[in-house]
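Below is one structure, written out as structure tokens; comments come after it.
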Amino acid sequence: MTLRYPQVLLLLCTLTALSPVMAADGVKLDTPIGGWRSGAPEGEGESFRQTVNYPASSVNTPLGQANTARISGQIKATPKNNEPGRLIVNGVSMPLKIDDSGRFDRPFSFPNGSNSVEVRSPDGQQRHRTQFLNTSGGATPAKLRVLLSWDSDGTDLDLHLVTPDGAHIWYGDRTAANGAALDVDVTTGYGPEIFAMPAPIKGQYLVYVNYFGGGYRGDDEGGEEAAQALTTAQVTVITEEGTPSEKMETFVVPMRAVGELTLVKSFSYP
């Protein structure tokens, strides 16, 4: 591969080298690494689907996941109250599941071009940020992406997209003939779920969120799982990502009961 943008690469490497100075030592980011990188060829080794189980376990990234499609590391001295950390990817903020040792490992489908990843501790006092240029490994960059995250653990919300030609993309039918796909389907709390479409069709899109199941927050006094019904979903719609024409809108909607299906947003492309 020929590096056509040496000045950009030099700048990114410089910023990455400075990131430990700007960030506290309490956050270690193993992946992604800064600089210039290529994605796995045609998605090789990149898997985003998790096993559905209730109560939802704390399964994170699938075994054998390529480092080009994961966010992993450790937050030291994390509190033992099961509070999530905070993950900010390209300006989109979402909760980050951490285990008792402070480790985190989430699948993520990064767009082509410049990316920024920041991880913060639950109290916001520790943080680490890295930047990198991502080439797609042969895949066509998405011009339309929709990200879903939510604010409770042990809970599964599902993203549903209906495209202008009537295709319905969801965890039960993850790809469509028009090129739309559900890249990431996290079932264990917080998300993300990511919808991507390389060549969006002109017309109206419908974004739904389904409260599929879970809502578990630990044992009650009788030793059984206690349900926490209310969870808040955050949906971010991004068009022309990574270009001068990029537009981003974020919507927050309360999900009150298992089985609830909510139309979060309808929008037209372009």
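The values are calculated or read from the model by the stated rules, or taken from the named source; none is laboratory data. Since this is a predicted model, take the numbers as computed values, not measurements. Counting neighbours? That spans all protein chains shown, and the Cβs are built from the backbone with ideal geometry, glycine included. SASA here: full protein model, heavy atoms, side chains in, ligands and nucleic acids out. Shrake-Rupley method; radii C 1.70, N 1.55, O 1.52, S 1.80 Å.
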- Query: How many nm separate the modelled label positions at Arg103 and Leu63, each set 7 Å beyond the Cα in the direction of the Cβ?
  - Reply: 1.4
- Item | 13 Å beta-carbon shell around Met255, net charge (K/R +1, D/E -1) | -3
- Net charge of neighbours whose Cβ lies under 13 Å from the Cβ of Asp30, counting Lys and Arg as +1 and Asp and Glu as -1: +3
- Message: What does the net charge come to around Ile201 if you take all other residues with beta carbon closer than 12 Å to its beta carbon, with K and R at +1 and D and E at -1?
- Response: +1
- Going from most exposed to least, what order do Ser109, Ser38 have by accessible area with a 1.4 Å probe? Ser38, Ser109
- Can you tell me which of 179-185, 249-255, 101-107 comes out highest on packing, and rank the rest after it, using the mean Cβ neighbours within 10 Å? 179-185, 101-107, 249-255
- Accessible area of His128 in the full protein assembly, 1.4 Å probe (Å², nearest 10): 30
- Message: Once you order the gyration tensor axes a ≥ b ≥ c over the Cα atoms, which shape class does segment 70-132 get: rounded for a/c under 1.5, otherwise prolate or oblate by comparing a/b with b/c?
- Response: prolate
